[in-house]
Amino acid sequence: MSKTLRFISISHKTASVSKREEYHISDSEKNSLAELIQKTYPDIVGLFLLTTCNRTEIYIESSDTSAIELRDFLVKYKERNLTSDKNLFDLSNSTEDTVSHLLEVSSGLASSVLGDAEIIHQIRKAHQLSITNQLQGSLLERAMQTVFKSHKRISNETEFRDGTTSVAYKSLKMVSGTFSKDHQQAKKILFIGAGDIVKQLFKYNSKFAYSDIYISNRTEEKAIILAKRHYCKVYPWQKVLENDFNDFDVIISAASNCHRLINNIVNEHKKLLLIDLALPSNINKELIHRNNVTLYDLDTISVGLENTRERRNASISKVDQIIAEELLAFSQWYQEAPLRIFLAKHKIIVNEKVKAYYKANGIKEDSQGITQSTNRVMRKLIKHSGAPLKGDEIDALVAEHI
(Lines give C-alpha, C1' and ligand atoms only; values in the text may rest on other atoms or scores of the structure.)
Protein backbone atom coordinates (compact mmCIF):
# COMPACT_ATOMS: atom_id res chain seq x y z
CA MET A 1 0.00 0.00 0.00
CA SER A 2 1.25 3.54 -0.82
CA LYS A 3 2.20 5.94 1.93
CA THR A 4 -0.38 8.43 3.25
CA LEU A 5 -0.14 11.46 5.52
CA ARG A 6 -2.52 11.41 8.52
CA PHE A 7 -3.01 13.50 11.66
CA ILE A 8 -4.72 13.66 15.03
CA SER A 9 -5.33 16.92 16.92
CA ILE A 10 -6.70 18.06 20.27
CA SER A 11 -6.89 21.85 20.49
CA HIS A 12 -8.62 24.87 22.00
CA LYS A 13 -11.35 24.34 19.42
CA THR A 14 -12.20 20.86 20.70
CA ALA A 15 -11.19 20.68 24.36
CA SER A 16 -10.90 22.69 27.58
CA VAL A 17 -7.57 23.79 29.04
CA SER A 18 -7.67 21.01 31.63
CA LYS A 19 -8.24 18.37 28.95
CA ARG A 20 -5.51 19.78 26.72
CA GLU A 21 -3.13 19.65 29.67
CA GLU A 22 -3.80 15.92 30.01
CA TYR A 23 -2.56 15.33 26.45
CA HIS A 24 0.35 17.77 26.48
CA ILE A 25 3.61 16.19 25.34
CA SER A 26 6.59 17.73 27.12
CA ASP A 27 9.89 18.30 25.34
CA SER A 28 11.57 15.78 27.62
CA GLU A 29 9.28 12.94 26.51
CA LYS A 30 9.12 13.62 22.77
CA ASN A 31 12.12 11.51 21.80
CA SER A 32 10.98 8.52 23.83
CA LEU A 33 7.43 8.87 22.50
CA ALA A 34 8.71 9.03 18.92
CA GLU A 35 10.74 5.88 19.53
CA LEU A 36 7.72 4.11 21.06
CA ILE A 37 5.43 5.05 18.15
CA GLN A 38 8.00 3.85 15.62
CA LYS A 39 8.45 0.58 17.51
CA THR A 40 4.69 0.02 17.84
CA TYR A 41 3.95 0.87 14.21
CA PRO A 42 6.94 -0.09 11.98
CA ASP A 43 5.18 1.13 8.82
CA ILE A 44 5.44 4.75 10.01
CA VAL A 45 8.28 6.47 8.11
CA GLY A 46 7.38 10.07 8.97
CA LEU A 47 6.46 11.53 12.36
CA PHE A 48 5.80 15.15 13.38
CA LEU A 49 4.94 16.08 17.00
CA LEU A 50 3.48 19.57 17.44
CA THR A 51 2.70 20.79 20.96
CA THR A 52 1.75 24.33 21.99
CA CYS A 53 -0.27 25.85 24.82
CA ASN A 54 -3.37 25.47 22.65
CA ARG A 55 -2.87 22.17 20.85
CA THR A 56 -1.25 18.74 20.73
CA GLU A 57 -1.02 17.25 17.25
CA ILE A 58 0.66 14.19 15.79
CA TYR A 59 1.22 13.77 12.06
CA ILE A 60 2.35 10.46 10.59
CA GLU A 61 3.32 9.15 7.18
CA SER A 62 2.29 5.50 7.04
CA SER A 63 1.02 2.78 4.75
CA ASP A 64 -1.22 0.93 7.22
CA THR A 65 -1.47 2.72 10.58
CA SER A 66 -4.62 4.84 10.66
CA ALA A 67 -5.34 8.10 12.45
CA ILE A 68 -7.86 6.31 14.67
CA GLU A 69 -5.21 3.79 15.75
CA LEU A 70 -2.85 6.66 16.52
CA ARG A 71 -5.54 8.48 18.54
CA ASP A 72 -6.29 5.34 20.55
CA PHE A 73 -2.57 4.84 21.12
CA LEU A 74 -2.16 8.39 22.49
CA VAL A 75 -5.18 8.07 24.79
CA LYS A 76 -3.78 4.81 26.17
CA TYR A 77 -0.27 6.27 26.44
CA LYS A 78 -1.65 9.18 28.50
CA GLU A 79 -3.73 6.71 30.58
CA ARG A 80 -7.02 8.44 29.81
CA ASN A 81 -10.52 7.19 29.03
CA LEU A 82 -11.06 6.45 25.34
CA THR A 83 -14.85 6.38 25.58
CA SER A 84 -15.09 9.89 27.00
CA ASP A 85 -12.12 11.47 25.19
CA LYS A 86 -12.17 10.12 21.64
CA ASN A 87 -14.54 12.85 20.45
CA LEU A 88 -12.10 15.55 21.60
CA PHE A 89 -9.87 14.80 18.61
CA ASP A 90 -9.93 16.00 15.04
CA LEU A 91 -8.30 13.51 12.68
CA SER A 92 -7.93 12.55 9.04
CA ASN A 93 -6.54 9.71 6.92
CA SER A 94 -6.38 11.86 3.78
CA THR A 95 -3.02 13.24 2.72
CA GLU A 96 -4.50 16.36 1.16
CA ASP A 97 -6.81 17.01 4.14
CA THR A 98 -3.84 16.60 6.48
CA VAL A 99 -1.70 19.08 4.54
CA SER A 100 -4.64 21.50 4.40
CA HIS A 101 -4.99 21.31 8.19
CA LEU A 102 -1.26 21.78 8.71
CA LEU A 103 -1.26 24.87 6.47
CA GLU A 104 -4.17 26.36 8.41
CA VAL A 105 -2.40 25.73 11.72
CA SER A 106 1.02 26.97 10.60
CA SER A 107 -0.42 30.15 9.08
CA GLY A 108 -2.05 31.19 12.36
CA LEU A 109 -5.58 30.95 10.97
CA ALA A 110 -6.37 28.22 13.49
CA SER A 111 -4.71 29.96 16.46
CA SER A 112 -6.59 31.41 19.41
CA VAL A 113 -4.80 34.68 18.55
CA LEU A 114 -5.42 35.23 14.83
CA GLY A 115 -2.16 35.31 12.91
CA ASP A 116 -0.12 34.09 15.88
CA ALA A 117 3.54 34.54 14.92
CA GLU A 118 4.76 32.03 17.53
CA ILE A 119 3.34 28.99 15.77
CA ILE A 120 5.87 28.93 12.92
CA HIS A 121 8.74 28.77 15.43
CA GLN A 122 7.05 25.80 17.11
CA ILE A 123 6.57 24.20 13.67
CA ARG A 124 10.29 24.59 12.93
CA LYS A 125 11.20 23.11 16.30
CA ALA A 126 8.97 20.08 15.68
CA HIS A 127 10.42 19.67 12.19
CA GLN A 128 13.92 19.62 13.62
CA LEU A 129 12.89 16.80 15.96
CA SER A 130 11.66 14.79 12.95
CA ILE A 131 14.99 15.33 11.22
CA THR A 132 16.96 14.38 14.34
CA ASN A 133 15.01 11.13 14.60
CA GLN A 134 15.23 10.54 10.82
CA LEU A 135 11.46 10.52 10.59
CA GLN A 136 10.85 13.10 7.85
CA GLY A 137 9.27 10.79 5.27
CA SER A 138 9.05 12.01 1.66
CA LEU A 139 5.40 13.14 1.92
CA LEU A 140 5.93 14.79 5.30
CA GLU A 141 9.06 16.59 4.12
CA ARG A 142 7.25 17.87 1.04
CA ALA A 143 4.40 19.05 3.29
CA MET A 144 6.88 20.92 5.50
CA GLN A 145 8.44 22.66 2.51
CA THR A 146 4.91 23.67 1.47
CA VAL A 147 4.37 25.09 4.97
CA PHE A 148 7.58 27.11 4.90
CA LYS A 149 6.88 28.43 1.41
CA SER A 150 3.36 29.46 2.46
CA HIS A 151 4.74 31.18 5.56
CA LYS A 152 7.20 33.17 3.47
CA ARG A 153 4.51 34.20 1.00
CA ILE A 154 2.08 35.23 3.76
CA SER A 155 4.80 37.33 5.41
CA ASN A 156 5.85 38.97 2.13
CA GLU A 157 2.53 39.33 0.35
CA THR A 158 0.07 40.21 3.15
CA GLU A 159 -0.25 42.22 6.38
CA PHE A 160 -1.51 39.16 8.24
CA ARG A 161 1.46 39.04 10.60
CA ASP A 162 2.13 42.76 10.93
CA GLY A 163 2.09 44.04 14.50
CA THR A 164 0.72 42.17 17.48
CA THR A 165 -2.73 41.49 18.94
CA SER A 166 -1.48 40.84 22.48
CA VAL A 167 -1.64 43.64 25.08
CA ALA A 168 1.10 41.86 27.04
CA TYR A 169 3.47 41.74 24.07
CA LYS A 170 2.61 45.32 23.14
CA SER A 171 3.37 46.45 26.71
CA LEU A 172 6.83 44.90 26.71
CA LYS A 173 7.44 46.38 23.28
CA MET A 174 6.65 49.80 24.74
CA VAL A 175 9.44 49.32 27.26
CA SER A 176 11.95 48.87 24.45
CA GLY A 177 10.43 51.85 22.64
CA THR A 178 10.63 54.13 25.68
CA PHE A 179 14.22 53.53 26.76
CA SER A 180 17.36 53.56 24.66
CA LYS A 181 18.59 50.25 23.35
CA ASP A 182 21.81 50.45 25.36
CA HIS A 183 19.99 50.76 28.69
CA GLN A 184 16.62 49.01 28.34
CA GLN A 185 17.82 45.59 29.50
CA ALA A 186 19.03 47.05 32.80
CA LYS A 187 15.71 48.68 33.67
CA LYS A 188 13.99 47.59 36.86
CA ILE A 189 10.47 46.38 36.09
CA LEU A 190 7.52 45.63 38.38
CA PHE A 191 4.59 43.42 37.36
CA ILE A 192 1.53 43.89 39.59
CA GLY A 193 -0.98 41.02 39.62
CA ALA A 194 -0.75 37.28 38.99
CA GLY A 195 -3.52 36.63 36.47
CA ASP A 196 -3.46 35.70 32.79
CA ILE A 197 -2.03 39.01 31.57
CA VAL A 198 0.94 38.83 33.93
CA LYS A 199 1.52 35.22 32.90
CA GLN A 200 1.57 36.39 29.29
CA LEU A 201 4.06 39.10 30.22
CA PHE A 202 6.42 36.41 31.46
CA LYS A 203 5.76 34.31 28.36
CA TYR A 204 6.57 37.13 25.92
CA ASN A 205 9.56 38.28 27.94
CA SER A 206 11.48 35.39 26.37
CA LYS A 207 11.68 37.64 23.30
CA PHE A 208 12.86 40.70 25.21
CA ALA A 209 14.99 39.12 27.96
CA TYR A 210 14.41 41.79 30.60
CA SER A 211 16.17 40.36 33.63
CA ASP A 212 15.53 42.73 36.55
CA ILE A 213 11.86 41.89 37.11
CA TYR A 214 9.82 41.96 40.32
CA ILE A 215 6.27 40.72 40.87
CA SER A 216 3.73 41.75 43.50
CA ASN A 217 0.26 40.42 44.22
CA ARG A 218 -2.33 40.62 46.98
CA THR A 219 -2.08 36.85 47.47
CA GLU A 220 1.65 36.53 48.02
CA GLU A 221 1.66 32.76 47.43
CA LYS A 222 0.71 33.31 43.78
CA ALA A 223 3.48 35.86 43.38
CA ILE A 224 5.99 33.47 44.92
CA ILE A 225 4.98 30.67 42.53
CA LEU A 226 5.42 32.89 39.47
CA ALA A 227 8.67 34.33 40.82
CA LYS A 228 10.16 30.85 41.25
CA ARG A 229 8.93 29.73 37.85
CA HIS A 230 10.38 32.73 36.03
CA TYR A 231 13.44 33.45 38.19
CA CYS A 232 12.38 36.89 39.32
CA LYS A 233 11.88 38.53 42.73
CA VAL A 234 8.80 39.22 44.87
CA TYR A 235 7.97 42.80 45.82
CA PRO A 236 5.90 43.22 49.02
CA TRP A 237 2.23 44.08 48.45
CA GLN A 238 2.35 46.50 51.38
CA LYS A 239 4.91 48.60 49.52
CA VAL A 240 2.58 48.69 46.51
CA LEU A 241 -0.21 49.94 48.76
CA GLU A 242 2.16 52.60 50.04
CA ASN A 243 3.07 53.54 46.45
CA ASP A 244 6.72 52.98 47.22
CA PHE A 245 8.16 52.68 43.72
CA ASN A 246 11.27 54.82 43.94
CA ASP A 247 13.65 52.28 42.42
CA PHE A 248 11.52 51.16 39.48
CA ASP A 249 11.78 52.32 35.88
CA VAL A 250 8.69 50.46 34.62
CA ILE A 251 5.45 49.42 36.32
CA ILE A 252 2.98 47.21 34.45
CA SER A 253 -0.15 46.78 36.54
CA ALA A 254 -2.91 44.22 35.92
CA ALA A 255 -4.42 43.59 39.36
CA SER A 256 -8.14 42.86 39.43
CA ASN A 257 -10.54 45.01 41.46
CA CYS A 258 -7.87 47.52 42.55
CA HIS A 259 -9.17 50.83 41.25
CA ARG A 260 -6.59 53.61 41.60
CA LEU A 261 -4.11 51.35 43.32
CA ILE A 262 -1.33 53.70 42.19
CA ASN A 263 -1.99 57.35 43.03
CA ASN A 264 1.34 58.87 43.86
CA ILE A 265 4.86 58.89 42.50
CA VAL A 266 7.31 60.42 44.97
CA ASN A 267 10.39 60.60 42.80
CA GLU A 268 9.76 63.34 40.25
CA HIS A 269 13.21 63.23 38.67
CA LYS A 270 13.51 59.63 37.47
CA LYS A 271 11.90 58.70 34.16
CA LEU A 272 9.04 56.27 34.79
CA LEU A 273 6.92 54.22 32.38
CA LEU A 274 3.47 53.24 33.71
CA ILE A 275 1.31 50.72 31.84
CA ASP A 276 -2.19 50.05 33.16
CA LEU A 277 -3.69 46.79 31.83
CA ALA A 278 -6.45 46.51 34.46
CA LEU A 279 -10.17 47.08 34.29
CA PRO A 280 -11.12 48.93 36.42
CA SER A 281 -7.88 50.86 36.06
CA ASN A 282 -5.13 50.49 38.66
CA ILE A 283 -3.36 53.76 37.94
CA ASN A 284 -4.70 57.26 38.55
CA LYS A 285 -4.75 58.92 35.13
CA GLU A 286 -3.80 62.27 36.70
CA LEU A 287 -0.24 60.94 36.90
CA ILE A 288 0.11 61.50 33.18
CA HIS A 289 0.62 65.20 33.95
CA ARG A 290 3.91 64.48 35.76
CA ASN A 291 6.82 65.50 33.55
CA ASN A 292 8.79 62.35 34.29
CA VAL A 293 5.86 59.92 33.76
CA THR A 294 4.74 58.21 30.56
CA LEU A 295 1.37 56.49 31.02
CA TYR A 296 -0.44 54.03 28.75
CA ASP A 297 -3.74 52.33 29.50
CA LEU A 298 -5.91 49.75 27.72
CA ASP A 299 -7.49 52.39 25.50
CA THR A 300 -4.22 53.77 24.18
CA ILE A 301 -2.78 50.29 23.71
CA SER A 302 -5.94 48.98 22.07
CA VAL A 303 -5.90 51.63 19.34
CA GLY A 304 -2.81 50.09 17.84
CA LEU A 305 -4.03 46.56 18.48
CA GLU A 306 -7.35 47.23 16.78
CA ASN A 307 -5.56 48.55 13.73
CA THR A 308 -3.54 45.35 13.73
CA ARG A 309 -6.67 43.21 14.00
CA GLU A 310 -8.30 45.09 11.14
CA ARG A 311 -5.26 44.60 8.91
CA ARG A 312 -5.16 40.91 9.76
CA ASN A 313 -8.87 40.40 9.14
CA ALA A 314 -8.57 42.22 5.83
CA SER A 315 -5.73 39.87 4.89
CA ILE A 316 -7.58 36.61 5.60
CA SER A 317 -8.90 36.22 2.05
CA LYS A 318 -5.39 36.68 0.65
CA VAL A 319 -4.00 34.16 3.16
CA ASP A 320 -6.73 31.69 2.13
CA GLN A 321 -5.77 32.21 -1.50
CA ILE A 322 -2.07 31.57 -0.82
CA ILE A 323 -2.89 28.41 1.13
CA ALA A 324 -5.18 27.21 -1.68
CA GLU A 325 -2.45 27.79 -4.28
CA GLU A 326 0.22 25.99 -2.26
CA LEU A 327 -2.17 23.13 -1.44
CA LEU A 328 -2.93 22.77 -5.16
CA ALA A 329 0.79 22.63 -5.93
CA PHE A 330 1.25 19.93 -3.28
CA SER A 331 -1.76 17.98 -4.63
CA GLN A 332 -0.36 18.04 -8.15
CA TRP A 333 3.00 16.82 -6.87
CA TYR A 334 1.25 14.11 -4.83
CA GLN A 335 -0.87 12.90 -7.76
CA GLU A 336 2.23 12.60 -9.92
CA ALA A 337 3.88 10.29 -7.37
CA PRO A 338 3.01 7.04 -9.25
CA LEU A 339 4.63 8.44 -12.41
CA ARG A 340 7.78 9.41 -10.51
CA ILE A 341 7.99 5.93 -8.99
CA PHE A 342 7.50 4.34 -12.42
CA LEU A 343 10.19 6.47 -14.03
CA ALA A 344 12.63 5.98 -11.15
CA LYS A 345 12.31 2.20 -11.50
CA HIS A 346 12.91 2.31 -15.24
CA LYS A 347 15.64 4.93 -15.52
CA ILE A 348 18.47 2.66 -14.36
CA ILE A 349 17.26 -0.10 -16.69
CA VAL A 350 16.99 2.26 -19.65
CA ASN A 351 20.46 3.68 -18.99
CA GLU A 352 21.96 0.18 -19.05
CA LYS A 353 20.01 -0.67 -22.23
CA VAL A 354 21.33 2.48 -23.93
CA LYS A 355 24.92 1.58 -23.00
CA ALA A 356 24.40 -1.94 -24.33
CA TYR A 357 22.93 -0.57 -27.59
CA TYR A 358 25.92 1.75 -28.03
CA LYS A 359 28.32 -1.16 -27.54
CA ALA A 360 26.42 -3.59 -29.76
CA ASN A 361 26.22 -1.09 -32.60
CA GLY A 362 29.77 0.19 -32.38
CA ILE A 363 28.73 3.67 -31.28
CA LYS A 364 31.41 5.56 -29.38
CA GLU A 365 30.31 5.75 -25.76
CA ASP A 366 30.25 9.19 -24.13
CA SER A 367 28.45 10.18 -20.95
CA GLN A 368 26.65 13.18 -22.45
CA GLY A 369 25.31 11.17 -25.38
CA ILE A 370 24.15 8.33 -23.13
CA THR A 371 22.38 10.80 -20.81
CA GLN A 372 20.61 12.50 -23.73
CA SER A 373 19.57 9.16 -25.23
CA THR A 374 18.35 7.92 -21.84
CA ASN A 375 16.27 11.05 -21.30
CA ARG A 376 14.81 10.79 -24.80
CA VAL A 377 13.66 7.22 -24.15
CA MET A 378 12.36 8.17 -20.70
CA ARG A 379 10.14 10.84 -22.22
CA LYS A 380 8.61 8.21 -24.47
CA LEU A 381 8.16 5.91 -21.49
CA ILE A 382 5.80 8.34 -19.76
CA LYS A 383 2.84 7.17 -21.86
CA HIS A 384 3.50 3.59 -20.68
CA SER A 385 3.46 4.50 -16.97
CA GLY A 386 0.39 2.39 -16.28
CA ALA A 387 2.39 -0.86 -16.12
CA PRO A 388 6.05 -2.01 -16.12
CA LEU A 389 7.55 -2.74 -19.53
CA LYS A 390 9.31 -5.96 -20.43
CA GLY A 391 12.95 -6.01 -21.43
CA ASP A 392 12.32 -6.48 -25.12
CA GLU A 393 9.81 -3.61 -25.12
CA ILE A 394 12.44 -1.29 -23.63
CA ASP A 395 14.96 -2.59 -26.21
CA ALA A 396 12.55 -1.61 -28.97
CA LEU A 397 12.10 1.89 -27.56
CA VAL A 398 15.88 2.34 -27.26
CA ALA A 399 16.47 1.23 -30.84
CA GLU A 400 13.70 3.49 -32.09
CA HIS A 401 14.75 6.68 -30.32
CA ILE A 402 18.56 6.70 -30.36
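The values are calculated or read from the model by the stated rules, or taken from the named source; none is laboratory data. Quick caveat: nothing in here was measured; it's all calculated off a predicted structure. Don't worry about glycine lacking a Cβ; one is built from the backbone with ideal geometry, like all the others, and counts go over all protein chains shown.
Summary table
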| quantity | calculated |
| --- | --- |
| Answer from 202, 191 - the residue that is in contact (Cβ under 8 Å) with a residue 40 or more places away in the chain and closer than 15 Å to residue 167 by Cβ | 191 |
| Identity of the residue in region 223-278, hydroxyl-bearing (Ser, Thr, Tyr) and closer than 15 Å to residue 192 by Cβ, that ends up modelled with the lowest pLDDT | 256 |
| Any chance residue 332 is modelled with pLDDT of 90 or more and surrounded by fewer than 16 Cβ atoms within 10 Å (Cβ to Cβ) | no |
| Among residues of region 351-369, those that are surrounded by 15 or more Cβ atoms within 10 Å (Cβ to Cβ) and either at pLDDT below 80 or closer than 14 Å to residue 396 by Cβ (or both), counted | 3 |
| Residues (touching a residue at least 60 places away in the same chain (Cβ under 8 Å) and either assigned to a helix (DSSP H, G or I) or within 15 Å of residue 146 (Cα to Cα) (or both)) located in region 115-129 | 119, 122, 123, 126, 127, 129 |
| Single unsatisfied condition, residue 296 versus (1) over 30 Å from residue 140 (Cβ atoms); (2) modelled with pLDDT under 80 | (2) |
| Enumerated helices (runs of 4 or more DSSP H) restricted to region 49-112, each holding at least 3 residues that are out of contact with any helix residue (DSSP H, G or I) (no Cβ under 7 Å at 6 or more places or on another chain) | 67-77, 95-107 |
| Test: residue 310 is modelled with pLDDT under 80 and not assigned by TED's automatic domain parsing to the domain that holds residue 200 | yes |
| Selection count where residues are touching a Lys or Arg at 6+ places or on another chain (Cβ under 9 Å) and over 15 Å from residue 271 (Cα atoms), scope region 174-194 | 2 |
| Among the candidates 119, 154, 192, 213, residue that is modelled with pLDDT of 90 or more, more than 30 Å from residue 248 (Cα to Cα) and crowded, with 21+ Cβ neighbours inside 10 Å | 154 |
| Pairs where the first residue, in region 63-74, is farther than 19 Å from residue 138 by Cβ and the second is assigned to a helix (DSSP H, G or I) and of a type outside the set (D, E, K, R), C-beta under 7 Å, 6+ apart | 72/82; 73/40 |
| Test: residue in region 175-187 that is of a type in the set (A, V, I, L, M), farther than 19 Å from residue 279 by Cβ, surrounded by fewer than 18 Cβ atoms within 10 Å (Cβ to Cβ) and touching a residue at least 12 places away in the same chain (Cβ under 8 Å) | yes |
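Results for (1) in contact (Cβ under 8 Å) with a residue 24 or more places away in the chain; (2) more than 20 Å from residue 175 (Cβ to Cβ), shown as yes or no for each residue.
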site	(1), (2)
212	yes, no
215	yes, no
235	yes, no
239	no, yes
253	yes, no
256	yes, yes
278	yes, no
287	yes, no
294	yes, no
